[in-house]
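Below is one structure, written out as structure tokens, with a few remarks after it.
The values are calculated or read from the model by the stated rules, or taken from the named source; none is laboratory data. Just so it is clear, the structure is predicted and the values come from calculations on it, not from any experiment. Here the Cβ positions follow ideal geometry from the backbone for every residue, glycine too, while neighbour counts run over all protein chains shown. Note: accessible area is taken over every heavy atom of the protein model, side chains too, but ligands, DNA and RNA are not part of it. Shrake-Rupley method; radii C 1.70, N 1.55, O 1.52, S 1.80 Å.
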Amino acid sequence: MKLSVRLFGFLFFLMILYPMPSCNDLQESDVPDIPFSFLINLILDNELTIPGNSKYYAYGGYGGVIVYCETPESYYAYDATCTYEISKNCRVVNNSIEGECSCCKSKYILLGGGYPAKGPAVAPLRQYQVTMVNSFTLRVYN
């Protein structure tokens, strides 16, 4: 019993010391940083209120922006430019929780960081900030 309590205490202590990544910790990227900001009306784009759905927006970022709904209160936004084929001609095409590069066929998981799951790409997608302005409006920006 004492051993399990000590082990739990030690693991809890390590978790406090170890910096955990969060939605606000954006990854560095080789994809060009193009300043932008736009609003999404969730009443009009109501498919983004369903967890697991994603939508592409041609404006913003270097190659457009993919917005992914994790939960109705948690969203991720990524540049749609492949991190292996950094070109406006090679767009990551989103399909729900996954995105695939139209050129090199690298696949990215949009949940929790846009990390590559398959293909030659090794770097995650450039991630952008998403904030809830109110219960039906998102702001996506960098």
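Charge tally for Pro72 (other residues, Cβ to Cβ under 15 Å; Lys, Arg +1; Asp, Glu -1): -3. Annotation for Leu44 and Lys88: the two label points, set 7 Å from Cα along the Cα-Cβ direction, are 2.3 nm apart.
Rounded to the nearest whole Hz, the Karplus-based 3J(HN,Hα) values (6.51 cos²θ - 1.76 cosθ + 1.60, θ = phi - 60°) of segment 116-133 follow the sequence x, 10, 7, x, x, 5, 10, 9, x, 5, 5, 9, 10, 7, 9, 10, 8, 6, with x at glycine and proline. Packing, as the average of other Cβ atoms within 10 Å across residues, places the peptides 53-62, 32-41, 80-89 in the order 80-89, 53-62, 32-41, highest first. With the simple spin-label model, which puts each label point 7 Å out from Cα in the Cβ direction, the Thr131 to Asp30 separation comes to 3.2 nm. For segment 98-104, putting each phi into the Karplus relation 6.51 cos²θ - 1.76 cosθ + 1.60 with θ = phi - 60° gives couplings of 10, x, 10, 5, 6, 9, 8 Hz, in residue order, rounded to whole numbers and with x for Gly and Pro. In segment 54-118, the portion of solvent-accessible area held by carbon and sulfur atoms comes to 48 percent [1.4 Å probe, whole percent, DNA, RNA and ligands not counted]. In this label model, Lys55 and Arg139 are separated by 1.9 nm, measuring between points 7 Å along each Cα→Cβ vector. Net charge in the neighbourhood of Gly52 (other residues with Cβ under 11 Å of its Cβ; Lys, Arg +1, Asp, Glu -1) is -3. Structural descriptor for segment 88-138: relative contact order 20 percent, calculated from alpha carbon pairs under 8 angstrom and at least 6 residues apart.
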